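Notes follow once the structure below has been shown.
Values in this text are rule-based calculations from the coordinates and carry no lab data. Keep in mind the model is a prediction, meaning the values are calculated, not measured. Neighbour counts run over all protein chains shown; Cβ positions are idealised from the backbone, glycine included.
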């Protein structure tokens, strides 16, 4: 059972306090978007073996959403950070690079 | 037939190695806004006499308490019949600001578990995935967490007592959880 | 025969006798006994029958690895099957019964399996039988197997004990309270870490006090006592005995299974407590388990692990036999021979399979006058229900008998396997140690935690460090490392010096004799509990089950309740041999928690009885309960389905409630409806994105019904939105939607539109909400208020704050029934009071409370949709002909883009219509309307389905709604709905509004 650090309230809590919310950094496509873009936004989520960026909610806690950078294979948590951002903080990207050289995830690497 | 307000369990109690009581009605206000702003600080001060609490803490005094709920939310606690006045104070102080202040007094149930410090800590440690050890959880801290299968918030007004706030609809479930957690013979002997 | 010795028994208090019963026989033990030692003290060698062949079985081990001696413990509401006698502490009044036999333990007809059917029950028996002709299976095999199958019996009565969980947090958790665990805990504790040390047994010290040697020149027991008292004095160290490390999970999560009251069943408090522990570092000081040897007859009662024989003598003063033959491939078993001899018992021979024999201990045995035969083994054990003798052979040969020796016990040792289970649970890898013939933890491949670093350290025998001195040094190192990894750098002291005689090298012996013929192999048991023999594993290999995981499932090796603690290594060695490959190439099966079985109740913890799950109750719940509520679970809420009067059927109650409400006055507890405040300068803009219709144009004081879709376009919730003031809206959701819609709002605000100025608050439980419904609703309310709620004073779809009999209330003039109707919202704490007032005030109108079924029927009569009936996650508002609720002006709302997708805009989508049976009956729920022809799969084509169907008391006929292909264009057409019994119900497509089409009843 995972441990996650909620970046919003600082709690280091066990997984039962949290709820996973799928892939992070989704870019919304609304009316006027192409079928391909919309299809990609709605259906094509990645599920990589290794480095992954996810959204979590501290549901039994402060109630806030946040992002987590995680390894889906070893369950290592590289870091958690605010959901109010369009890309992972450099500091977390650097940490992943140190541990998983050559990683990439969507447009990030 | 009285039409007075009645709390969820009307003050039910049970005694085990610690005492559990539903503490009746309390005035509670959810206040959302920019917690760093001078106006919110002023509103909280005027409403409760307290400063805006730091991350995951609660400030308490004679005229009220205020707890940190999330980066943009506080729980303001006053007497049940003071809520309307307190709300009015907050609303007038914050007039023109972007904020939300709403009465949630009736949406909640509050419990008090008291006895030895070790006993109350153990009772809570049976239900919440929180380190209840002395030094890790202390008076002044405020923790929102999971209690068995429901969300709850807990804090210690003093070293011998824990307060619990949960939703009103699950008050009976919460009471029963606590009843079992303090049952005689269930002392763990860890914090004593 | 096994018996209690006059001397010895370091764990016993012989002054306190304890009575117990086994299969009704009254026996006596003493305080400190396990059930196993007490049974053996009473010469109860035969304790059970094996699973498949019902062979007589006795106790093999002295700890948690015991495969045979499982009993049903206790009676009635204290009964529990499959309890290991070796880990059951004796208490006065204990009752137990043996398992797996019929009609009795002494005489079992199932044993015929082993005599006649052994050839027919080989590996993979069940799999092979499935392909046999059905009749043979049904009439021959199955009845035969059923009669004798099953391990233990399920309890009949509800468990009367209580169980609980406990959350605890430590820097370092040490599992195992032997000398290594004690030393590791001490080192970590001295360095400053917060330490929990747990031991599954009541006693500390593990094997060392039995096995001897010296620690810092003293008896190991002296070290145990001194270290324990030192640990007890350290405030940062917690000691718990009777607590087993059951499992190690991700990120340092450990389950500790504490048997609080098993040994004192009349004491108050929980029987078991499951500790849910978070550890920075875990040290597994779990020791090692001795392996049996695979020779013919190794399952006969009286054949026991050599270490267990030693344990029973030293710990419990019990001898297994007067004459014990020791058979071994290593030096450790010599300790048993020496112990027996010192206790005055006979050891006719030590059979050492190693041609070169043993070391210092062997010399000592010889000095004591014990005959030692090297290069020899057991060809077969003589006896049936107990050992009568052994036939000796050369280990190198095929089993030719050299000599027969009479004896009544055999102590066997095939070497030791470190207990690597906890290390392996969360992914720790193993290496094969050729010299010691064992798998041990690979320190380079520990399980990793959230930081990516290893979080488990194996110590002592569990790490393959068997020699006393090595184990203590290893434990000290582990304790220091764990403390350091958790940020504690204090002085950790140093390891004491342990000394014990050096052992000569072990020689792996996987089969005895090495070239055993098939007759011997068919009697050489690997898995005692599941009756798996050497020949079965070899057969599996021959039949192509080469992967160890396949061979395991095919033969059932290691799949019993002991999870192969004794059998796995021997089994995979046999498999490797059969496959002609090295043991590490074959590898082990996966170790999974729990280490030994834990009670299901401890896992459930407090989730039982009235705390099984949270039941949400409205402020009026008790009134409902007192007034005949027939409950319906709605999410975690309980809502009245209907209120039954004495003698009334559920159906009649619903009919009465609906008629009375439509004729005069009904009351509905609507408190469970979701209520969410949305406030801020951008609240209107936000709600325009959330709802399909326009909410920003709503005027304060007014209400508007709205639909909410997900980004996939499908309808997910509906409800009435009231605008409170310029900045503030109150959104009502469905009962089930309250939490999820609030979460949905927060998700969009926090992760997409975080720059919008909107705050939300879920105030669902702040209010008790009461629907006052029916032609007399206004008159009833007017009795309680002076505020103007007249037709003009509060128009349809308006709301108003009023005072009702002194209670501040908000009243919404909305209707889900088609009647003149008000929803009254008051603080929850005053909900019951208002309900009582309304019941009183409505008395003159014959007021009736109604439940969810009345609510559903009345809304269906009006053709209103219900989320979850008309919607199922695949329905868009357009399917429901709700275009009026979908804004065409808005550029965007959640779901809009999806609703433009080709499939969503397809005119062939099924659409909502009313359905009226031609004979007035009620359509079956979920029934499909059939069309001509069949589809590609040969199934009948369909053209629609029923979404809601009820008997309408108002119309005295069945009414329904459904989704039908081109439905709205086919009014009057009759469709066929086949029922499951093959008959067909015919229904006409009609307008979905069955009652009061013009809304005259609500507009008064």
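Pairwise alpha-carbon distances in the protein assembly as shown exceed 51 Å for 42% of all pairs. Can you classify segment C:764-848 as rounded, prolate or oblate using the Cα gyration tensor, where a ≥ b ≥ c are the square roots of its eigenvalues, rounded means a/c under 1.5, and otherwise it's prolate if a/b beats b/c and oblate if not? Since a/c stays below 1.5, the shape of segment C:764-848 is classed as rounded. Normalised by 2.2 N^0.38 Å, where N is the number of residues, the alpha-carbon radius of gyration of segment C:802-865 equals 1.23.
Note on residue C:887 and residue B:184: the model spin-label points, each 7 Å out from Cα along the C-beta direction, lie 6.5 nm apart. Per residue of C:751-759, other chain Cβ atoms within 10 Å of the residue Cβ number 5 on average. Mind jotting down the distance between the C-alpha centroids of segment B:67-102 and segment C:152-213, whole Å? Rounded to whole Å, the Cα centres lie 50 Å apart. Which of rounded, prolate, oblate describes segment A:3-99, given a ≥ b ≥ c as roots of the alpha-carbon gyration tensor eigenvalues and a/c under 1.5 marking rounded, otherwise prolate only if a/b is larger than b/c? Prolate, since a/c reaches 1.5 and a/b exceeds b/c. Relative contact order for chain B: 25 percent, from Cα pairs under 8 Å spaced at least 6 residues apart, divided by residue count.
Based on the Cβ-Cβ distance from residue C:937 to residue C:753, what FRET efficiency comes out when R0 is 41 Å, to the nearest 0.05? Once rounded, the FRET efficiency stands at 0.35.
Using all pairs of distinct alpha-carbon atoms, the Kirkwood hydrodynamic radius of segment C:288-376 works out to 13.0 angstrom.
Using only Cα coordinates, the Kirkwood hydrodynamic radius of segment B:1-146 works out to 16.5 Å. Kindly identify segment C:188-241 as rounded, prolate or oblate by the Cα gyration tensor criterion: order the square roots of the eigenvalues as a ≥ b ≥ c, call it rounded if a/c is under 1.5, otherwise compare a/b with b/c, prolate if a/b is larger, else oblate. Oblate is the answer for segment C:188-241, as a/c is 1.5 or above yet b/c matches or exceeds a/b.
Once the C-beta distance of residue B:54 and residue A:97 is scaled by a Förster radius of 35 Å, the resulting FRET efficiency is 0.55 to the nearest 0.05.
Were the residues from residue C:385 through residue C:790 laid out at 0.36 nm apart, the gain over their Cα-Cα distance would be 136.5 nm. Taking 16 Å as the cut-off, the amide N atoms of segment C:837-873 that come nearer than this to a point 7 Å along the Cα-to-beta-carbon line of residue C:955 belong to C:856-866.
Considering all different alpha carbon pairs of chain C, the Kirkwood hydrodynamic radius works out to 34.0 Å. Projected label points at residue C:268 and residue B:116, each 7 Å from Cα along the beta carbon direction, are separated by 1.3 nanometres.
Stretched out fully, how many nm does the piece from residue C:136 to residue C:685 gain, at 0.36 nm a residue minus the Cα gap? Between residue C:136 and residue C:685, full extension yields an extra 190.4 nm. Ellipsoid semi-axes for segment B:27-106, based on the Cα gyration tensor and the rule √(5λ), read 16, 15, 11 Å when sorted largest first.
Normalising the average separation of contacting C-alpha pairs (under 8 angstrom, six or more residues apart) by the number of residues puts the relative contact order of segment B:27-106 at 41 percent. With Cα atoms defining each centre, segment C:863-904 and segment C:373-432 are spaced 73 Å apart in the structure. Of C:264, C:278, C:662, C:364, the sequence from fewest to most neighbouring Cβ atoms within 10 angstrom is C:264, C:364, C:278, C:662. Computed over segment C:412-482, relative contact order equals 25 percent, with contacts defined as Cα pairs under 8 Å that lie 6+ residues apart. The protection proxy used here, the mean number of other Cβ atoms lying within 10 Å of each residue, ranks peptides C:4-12, C:415-423 as follows, highest first: C:415-423, C:4-12. For the segment A:81-94, counting C-beta atoms of other chains within 10 Å of every residue's C-beta and taking the mean gives 1.
Seen against the Cα atoms of chain C and their longest principal axis, helix C:179-190 is set at about 60 degrees. Against the compact-protein benchmark of 2.2 N^0.38 Å, the Cα-based radius of gyration of segment C:399-449 scales to 1.85.
Packing, as the average of other Cβ atoms within 10 Å across residues, places the peptides C:427-438, C:550-561 in the order C:550-561, C:427-438, highest first.
Taken residue by residue and averaged, Cβ atoms of other chains lying within 10 Å of the Cβ of C:888-899 number 3.
Once R0 is set to 30 Å, what does the formula 1/(1 + (r/R0)^6) return for the Cβ-Cβ distance between residue C:930 and residue A:44, expressed as a FRET efficiency to the nearest 0.05? After rounding, the FRET efficiency stands at 0.20.
Computed packing ranks the peptides C:801-807, A:101-107, C:888-894 as C:801-807, C:888-894, A:101-107, most packed first, by mean other Cβ atoms within 10 Å. Label-to-label distance, residue C:366 versus residue C:726, with points set 7 angstrom from Cα along the beta-carbon direction: 10.6 nm.
Start at zero, step by 10 Å, and the Cα-Cα distances of segment B:75-192 spread as 12, 39, 29, 15, 5, 0 percent across the bins. Can you list the residues of segment C:826-847 with backbone N under 17 Å from a point 7 Å past the Cα of residue C:648, pointing along Cα to Cβ? Counting only backbone N, you get C:839-840, C:842-847.
Please work out the Cα center distance from segment B:19-58 to segment C:706-751, rounded to the nearest Å. Here the two parts' Cα centres lie 27 Å apart. Available extension along the chain between residue C:28 and residue C:343 is 111.2 nm, counting 0.36 nm per residue and deducting the alpha carbon span.
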